[in-house]
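Student: After the structure tokens below, expect a handful of questions from me.
The values are calculated or read from the model by the stated rules, or taken from the named source; none is laboratory data. Just so we're clear, the structure is a prediction, and the values are computed from it rather than from any experiment. Every residue, glycine among them, receives a Cβ derived from its backbone with ideal geometry; neighbour counts consider all protein chains shown.
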Amino acid sequence: MMFLLTAAVATGACPGPVHAETIHVPADYPSIQEAIDAATLRDLDVIEIAAGTYLVSSPINTLGKSVIIRGEVGRDGRPATIIDGQATQGVFECTSGEGPTTMLEHLAIRNGTSTFGGGLLLDSSSPTITNCLFIGNNADVDGGGVFAFNSQASFINCTFQENQASLAGGGIASLESDLVLTHSIFISNSAPDGGGVHVNNASITLSNCDFELNEAILGGGLSMLGGQSTIIGCTFNQNSAEDSGSAIESISQAEIASCTFWGNDCDGLGTVRLGMQETLADSPFSFNQAAAGGGIHSTGMGEVSGCILVENMAEFGGGAASAMDSTTYSNCLFTMNQSEYGGAVHAFESMMLMDDCTLESNLADHGGGLYEFGSSITFRNGTIMENESLYQGGGASLLASSSTIENTLILSNHVEGDGGGLFLSDPPTTGFMLARGCIMQGNFAQLGGGAHCTFGSAPEFLLCDFDENIAMLAGGAAFADTADPSYANCSFTTNECIDGPGGALRHDSDPTLYSTHVSGSFFCENLPDTLSGSIVEGPGNTFDSLCSGQCPADLNRDGVVNGIDLALMLDMWGTDDPLGDLNGSGTVNGADIGILLSSWGACPS
């Protein structure tokens, strides 16, 4: 049944009872507005609206009253009471200081059109909206479904579908408001900024909400500018954006936790773009794609922890993540992502910190796990393993880098070109590249199975182990040309060059210009030879034909277990540094001290 809601006609209009508890539309009043007019101000009257379609000719205003406006529910649980704006005006307005006892329940609000808030306009009000459907509404500026200004409304179990705005917030636009939404759905909404939701100088709490198939230029699902929003337990599936943030575009201090991001598509930067001081935790990303940062693109000082990024893709850089500032990643797993530069991570002029992260089985043309340029990244206590690249850096490709890689396992990475574990090129503007306490094992390349240093780079390797790396042409463990790498207190064991020189180290440069410096290091069973080319040997190197003479408690690889090794181990106390974790328990502790003390003295020959 369809009803036309206009001004009351004298004949047939029933005056509402004074202080009535329940008012029925259309039985008691033919229009919803007349029922609201008849309701008392504070008595929480209930307006029951029968199932059917109601055409409104002017927006329905709740007049600041504590009133429950309730529709009927169909067998499918969806609203059976439809309020239709006929694409000529907005549908509902709360503009008179309404509080949470002003309630809209079980209503389908559709075809509303207004400058702001085609379905519902909130101005300095805080109503409660439950089980309502906002569908096919339009705003000439902001808030196709809902526009909120200076309001604190709550939305529970609502659906926002196929709403659109010409500027921001296809589903909802919130300006200087604190909205709370739980168990709500945003599907197929669109706007240039915030296809599903746009938040401007405001805070929003989204709990267990779903965003699907929303579209925007910025923030396909959600865009946030300023404020301290909280997004917990939400899903973002198959949203899209042209410029950035197919799921979320944020320049705010938002907290995002336990959300799922799947199948989102951005022509520009990131499924989630972090642009300020956001935190993002415990959230899986899979099958997302973008031009850069298939999962996450950061340009601010955000913190990302406990996230799993699987099978994401970027056309240019950072299959899983890209960074241009100081983002921190901790305890994250990046696996089976791919891109041209940086299968997992791409960093440009960044100061990222990556702590206890794993880059595994990622694929790229350059930098299978990580590619960075002009950056100062700290990558510590992590793992870079089984990544592949076509040209350079099976594990990581670092250009003009002053990064530090510390206490990291670099294992079984593969490149068709150069630098199986690491490819290091170009001098940094300031500082130097340092690898400390790393284990580089089982990597493969044409040149430099473990590492390739070139084009003026001068990295320092300290207390690193190179084991079982393979090069086809030169430098089983490491290769250098036009570079000045140095190796101190490292070990080189059972590395191999299959069809060229330098089973351990090879340097192809004019020694008056560039050379490899090595001191205090241990070499054994490297094939076909150990050192080749422009190598400068410092003091303390040890060469054994067999590796049985090496003792793991000799942390600085000087051939003697003594107080220096004990001091190094004490510095590692309580960490999971693989160099000091002699028994492989995962923690440097008293058991490792016991092993060291039992090995005291000269290492066996």
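Student: Considering each of 291, 320 in turn, give the residue that is over 21 Å from residue 205 (Cβ atoms), crowded, with 24+ Cβ neighbours inside 10 Å, in contact (Cβ under 8 Å) with a residue 12 or more places away in the chain and hydrophobic (A, V, I, L, M, F, W, C). Working first, answer last.
Tutor: Values: 291 fails: crowded, with 24+ Cβ neighbours inside 10 Å.
Answer to the selection: 320.
Student: I'm told residue 445 meets every condition in (1) over 24 Å from residue 323 (Cβ atoms); (2) surrounded by fewer than 24 Cβ atoms within 10 Å (Cβ to Cβ) except one. Can you identify the failing condition by its number?
Tutor: Against the list (1) over 24 Å from residue 323 (Cβ atoms); (2) surrounded by fewer than 24 Cβ atoms within 10 Å (Cβ to Cβ), residue 445 comes up short only on (2).
Student: Moving to a separate point now. Which ones in the stretch 495-530 are polar (S, T, N, Q) and buried (at least 19 other Cβ atoms within 10 Å of the Cβ)?
Tutor: Let us first name the residues in the stretch 495-530 that are polar (S, T, N, Q), namely 495, 509, 512, 515-516, 519, 521, 526, 530.
Scanning the stretch 495-530 gives 495, 515, 516, 521, 526, 530.
Student: Here is a further query. Pick out, from the stretch 117-171, the strands (runs of 3 or more DSSP E) lying fully within it that include 2 or more residues that are under 31 Å from the mean Cα position of the chain (by Cα) and modelled with pLDDT of 95 or more. Give the derivation first.
Tutor: On the way: elements: 120-123, 128-130, 133-135, 138-142, 146-149, 154-156, 159-161.
Because the criterion is at least 2 residues that are under 31 Å from the mean Cα position of the chain (by Cα) and modelled with pLDDT of 95 or more, the strands (runs of 3 or more DSSP E) in the stretch 117-171 that meet it are 133-135, 138-142, 146-149, 154-156, 159-161.
Student: Now for a different question. Just one of the numbered conditions (1) crowded, with 24+ Cβ neighbours inside 10 Å; (2) more than 23 Å from residue 137 (Cβ to Cβ); (3) touching an Asp or Glu at 6+ places or on another chain (Cβ under 9 Å) is not true of residue 275; which one?
Tutor: Result: residue 275 fails condition (1) only.
Student: Do we have residue 303 as buried (at least 24 other Cβ atoms within 10 Å of the Cβ), closer than 30 Å to residue 215 by Cα and free of Cβ contacts under 8 Å to residues at least 40 places away in the same chain here? Before the answer, list the steps.
Tutor: Values: buried (at least 24 other Cβ atoms within 10 Å of the Cβ): no; closer than 30 Å to residue 215 by Cα: yes; free of Cβ contacts under 8 Å to residues at least 40 places away in the same chain: yes.
Considered against the rule, which asks whether it is buried (at least 24 other Cβ atoms within 10 Å of the Cβ), closer than 30 Å to residue 215 by Cα and free of Cβ contacts under 8 Å to residues at least 40 places away in the same chain, residue 303 comes out as no.
Student: Any residue that is of a type in the set (Ser, Thr, Tyr) and in contact with a Lys or Arg (Cβ under 9 Å, 6 or more places away or on another chain) - is there at least one of those in the stretch 538-552?
Tutor: We begin by selecting, within the stretch 538-552, every residue of a type in the set (Ser, Thr, Tyr); these are 542, 545, 548.
Now restrict to residues that are in contact with a Lys or Arg (Cβ under 9 Å, 6 or more places away or on another chain): 542.
Yes, the conditions are met somewhere in the stretch 538-552.
Student: Against the condition buried (at least 20 other Cβ atoms within 10 Å of the Cβ) and at positive phi, how does residue 368 come out, does it pass?
Tutor: no
Student: List every residue pair whose Cβ atoms lie under 8 Å apart, where the two residues are 6 or more positions apart in sequence or sit on different chains, the first residue falls within the stretch 136-158 and is under 19 Å from residue 193 (Cβ atoms), and the second residue, located anywhere, is basic (Lys, Arg).
Tutor: Every condition considered, the pairs that remain are 137/110.
Student: If the requirement is being in the same structural domain as residue 127 (by TED's automatic domain parsing), modelled with pLDDT of 95 or more, in contact with a helix residue (DSSP H, G or I) (Cβ under 7 Å, 6 or more places away or on another chain) and under 22 Å from residue 114 (Cβ atoms), which of these qualifies: 49, 23?
Tutor: Details: 23 fails: under 22 Å from residue 114 (Cβ atoms).
None of the other options fit; the residue is 49.
Student: Which ones in the stretch 448-463 are in contact with a strand residue (DSSP E or B) (Cβ under 7 Å, 6 or more places away or on another chain) and surrounded by fewer than 19 Cβ atoms within 10 Å (Cβ to Cβ)?
Tutor: So the first thing to find is which residues in the stretch 448-463 are in contact with a strand residue (DSSP E or B) (Cβ under 7 Å, 6 or more places away or on another chain), and the list is 448-455, 457, 459-463.
Correct list: 455, 460, 462.
Student: Filter the stretch 426-436 for residues that are at pLDDT 95 or above and either surrounded by fewer than 24 Cβ atoms within 10 Å (Cβ to Cβ) or farther than 28 Å from residue 581 by Cβ (or both) and give the result. Break it down stepwise before answering.
Tutor: Kept after step one, since they are at pLDDT 95 or above, are these residues of the stretch 426-436: 434-436.
The answer is 434, 436.
Student: Listed residues 339, 298, 258, 330; which is closer than 23 Å to residue 395 by Cβ, surrounded by fewer than 24 Cβ atoms within 10 Å (Cβ to Cβ) and in contact (Cβ under 8 Å) with a residue 12 or more places away in the chain?
Tutor: Working: 339 fails: surrounded by fewer than 24 Cβ atoms within 10 Å (Cβ to Cβ); 298 fails: surrounded by fewer than 24 Cβ atoms within 10 Å (Cβ to Cβ); 258 fails: closer than 23 Å to residue 395 by Cβ.
330 is the lone residue from the list that is closer than 23 Å to residue 395 by Cβ, surrounded by fewer than 24 Cβ atoms within 10 Å (Cβ to Cβ) and in contact (Cβ under 8 Å) with a residue 12 or more places away in the chain.
Student: What single numbered condition from (1) among the hydrophobic types (A, V, I, L, M, F, W, C); (2) touching a Gly at 6+ places or on another chain (Cβ under 6 Å); (3) in a loop (DSSP other than H, G, I, E, B) fails to hold for residue 109?
Tutor: Checking residue 109 against (1) among the hydrophobic types (A, V, I, L, M, F, W, C); (2) touching a Gly at 6+ places or on another chain (Cβ under 6 Å); (3) in a loop (DSSP other than H, G, I, E, B), the one that fails is (3).
Student: Further question: Under the condition of being part of a loop (DSSP other than H, G, I, E, B) and in contact (Cβ under 8 Å) with a residue 40 or more places away in the chain, which residue from the stretch 556-571 is farthest from residue 542 (Cα to Cα)? Break it down stepwise before answering.
Tutor: Filtering the stretch 556-571 down to residues part of a loop (DSSP other than H, G, I, E, B) leaves 556-559, 562.
Those left that are additionally in contact (Cβ under 8 Å) with a residue 40 or more places away in the chain: 556-559.
Values: 556: 12, 557: 8, 558: 8, 559: 7 Å.
It comes out as 556.
Student: Follow-up. Could you check the stretch 73-95 and list, in sequence order, the residues that are surrounded by 15 or more Cβ atoms within 10 Å (Cβ to Cβ) and either in a strand (DSSP E or B) or among the charged types (D, E, K, R) (or both)? Outline the logic, then answer.
Tutor: Filtering the stretch 73-95 down to residues surrounded by 15 or more Cβ atoms within 10 Å (Cβ to Cβ) leaves 73, 79-85, 89-95.
Residues satisfying the conditions are 73, 79, 81, 82, 83, 84, 92, 93, 94.
Student: Residues to consider are 330, 322, 339; find the one that is under 23 Å from residue 252 (Cα atoms) and in contact with an Asp or Glu (Cβ under 8 Å, 6 or more places away or on another chain). First the steps, then the outcome.
Tutor: Working: 322 fails: in contact with an Asp or Glu (Cβ under 8 Å, 6 or more places away or on another chain); 339 fails: under 23 Å from residue 252 (Cα atoms).
Result: 330 is the single residue among 330, 322, 339 that is under 23 Å from residue 252 (Cα atoms) and in contact with an Asp or Glu (Cβ under 8 Å, 6 or more places away or on another chain).
Student: Another one. Considering only residues that are closer than 15 Å to residue 332 by Cβ and at pLDDT 95 or above, which ones fall in the stretch 375-386?
Tutor: Within the stretch 375-386, 378, 379, 380, 381, 382, 383, 384, 385 meet the criteria.
Student: Within the stretch 346-361, count every residue that is outside any loop (DSSP other than H, G, I, E, B) and under 15 Å from residue 331 (Cβ atoms). First the steps, then the outcome.
Tutor: Within the stretch 346-361, the subset outside any loop (DSSP other than H, G, I, E, B) is 346-348, 353-355, 358-360.
Next cut, under 15 Å from residue 331 (Cβ atoms) only: 353-355, 358-360.
The total comes to 6.
Student: What is the residue count in the stretch 41-98 for residues that are within 43 Å of the chain's Cα centre (by Cα) and of a type in the set (D, E, K, R)?
Tutor: Final tally of qualifying residues: 8.
Student: Which is among the charged types (D, E, K, R), at pLDDT below 85 and surrounded by 13 or more Cβ atoms within 10 Å (Cβ to Cβ), of 592, 554, 565, 576? Spell out the reasoning first.
Tutor: On the way: 592 fails: at pLDDT below 85; 554 fails: at pLDDT below 85; 565 fails: at pLDDT below 85.
Residue meeting the stated conditions: 576.
Student: I've got another one for you. For the stretch 292-321, how many residues meet the condition of being closer than 17 Å to residue 239 by Cβ, small (Gly, Ala, Ser) and assigned to a strand (DSSP E or B)?
Tutor: 1
Student: Determine if the stretch 404-414 includes at least one residue that is farther than 21 Å from residue 490 by Cβ, in contact (Cβ under 8 Å) with a residue 12 or more places away in the chain and polar (S, T, N, Q). Step through it out loud before you land on a result.
Tutor: Kept after step one, since they are farther than 21 Å from residue 490 by Cβ, are these residues of the stretch 404-414: 414.
Next, only the ones that are in contact (Cβ under 8 Å) with a residue 12 or more places away in the chain stay: 414.
With the extra rule that they be polar (S, T, N, Q), the set shrinks to none.
Checked the stretch 404-414: no residue is farther than 21 Å from residue 490 by Cβ, in contact (Cβ under 8 Å) with a residue 12 or more places away in the chain and polar (S, T, N, Q).
Student: What are the residues in the stretch 464-486 that are touching an Asp or Glu at 6+ places or on another chain (Cβ under 8 Å), in a strand (DSSP E or B), crowded, with 24+ Cβ neighbours inside 10 Å and among the small types (Gly, Ala, Ser), if any?
Tutor: 471, 474, 480
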